Each structure stands twice: as C-alpha cells, then as structure tokens.
Amino acid sequence: VQLQASGGGLVQAGGSLRLSCAASGRTFSAHAMGWFRQAPGKEREVVAAISATGGSSYYADSVKGRFTISRDNAKNTVYLQMNSLKPDDTAVYYCAAKPVIRGAYFRVEGYDYWGQGTLVTVSS
C-alpha cells in the first residue's frame, strides 16, 4: 500500500482544515487507517484511527470533539476533518495503514505503511 497525504497548510487558531490520504492498491479495505502527528521536538503520536470497514474509530483525548476521521473505501481515501484548531495542533501529520491481520485498529503497533506527511501550522 502506498499512501499520499495532502491538505495541510497554514490556518489561524479556531479555523479548520481537511486532510486527505489517498492509497494505491486494491487492498485498501483490508487495512485499518490512522492519522499520526509529530510536532517539533516531540515524539510522534496517534491522533485518530478508523477500522477497515469504517464502523469504529478512535481519537486521542487532545482532539476528541474537534477532529473527525472518515474513510471512503470506494475511493481508497481516508480523511481527517480538523475543526477548532489550536496552536498545539501544529505538526507534520502522517497517514498510515495497518493490515487487519496485524491486530486491532486502535493499537499503534502494526501500522506498517506510511505516507510522506503534510505540515499543519496553526497560528495564534
């Protein structure tokens, strides 16, 4: 699976952005998908994840109620809608794919395929 993330940019605090991640290959629906982020000087952290069918999702406490993950298996694409953005959300955002045989979608281990990252900058 090859992943291409897009949609990052510069936005003011309180604004919104929608990230997209397009996947190649015919096995997209056999993968859970996740969005991760890494801020300068910090470790990479999971932001949100969604099961292969799209029926279940997970959010980090820091983004609950503000971010929404979704997927369209017909378009091989996963999205991250980010609302009420804060300066602390500034980071490079990565999408990642996890084969369903590698375990539960909400566990960080097993995300084997990664996109190139897209930068989100939130100004105060």
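The values are calculated or read from the model by the stated rules, or taken from the named source; none is laboratory data. Quantities reported herein were computed from a predicted structural model and do not represent experimental measurements. Every residue, glycine as well, gets a Cβ built from its backbone with ideal geometry; the counts of neighbours run over all protein chains shown. Calculation scope for accessible area: heavy atoms of the full protein, side chains included, ligands and nucleic acids excluded. Shrake-Rupley method; radii C 1.70, N 1.55, O 1.52, S 1.80 Å.
Got a sec? Which of A22, A48, A60 is open to solvent by 20 Å² or more (accessible area, probe 1.4 Å) and among the small types (G, A, S)?
The conditions single out A22.
Can you list residue pairs whose Cβ atoms sit under 9 Å apart, with the first residue in segment 13-38 being at positive phi and the second being among the basic types (K, R) and not in a helix (DSSP H, G or I)? Count only pairs 6 or more apart in sequence or on different chains.
Matching pairs, first to second residue: G14/K86.
Which one is nearest to the chain's Cα centre (by Cα) among residues in segment 10-47 that are within 13 Å of A91 (Cβ to Cβ) and among the small types (G, A, S)?
By that ranking, first place goes to A39.
How many residues are closer than 24 Å to S123 by Cβ and surrounded by fewer than 16 Cβ atoms within 10 Å (Cβ to Cβ) when one looks only at segment 63-76?
Residues that pass the stated criteria total 3.
With the requirement that a residue be on the phi > 0 side of the Ramachandran plot and open to solvent by less than 20 Å² (accessible area, probe 1.4 Å), what does segment 101-120 give you?
If the condition is that a residue be on the phi > 0 side of the Ramachandran plot and open to solvent by less than 20 Å² (accessible area, probe 1.4 Å), then G110, G117 are the ones that fit.
Go through the residues of segment 77-100 one by one and say whether even a single one is surrounded by 17 or more Cβ atoms within 10 Å (Cβ to Cβ) and over 22 Å from L17 (Cβ atoms).
yes
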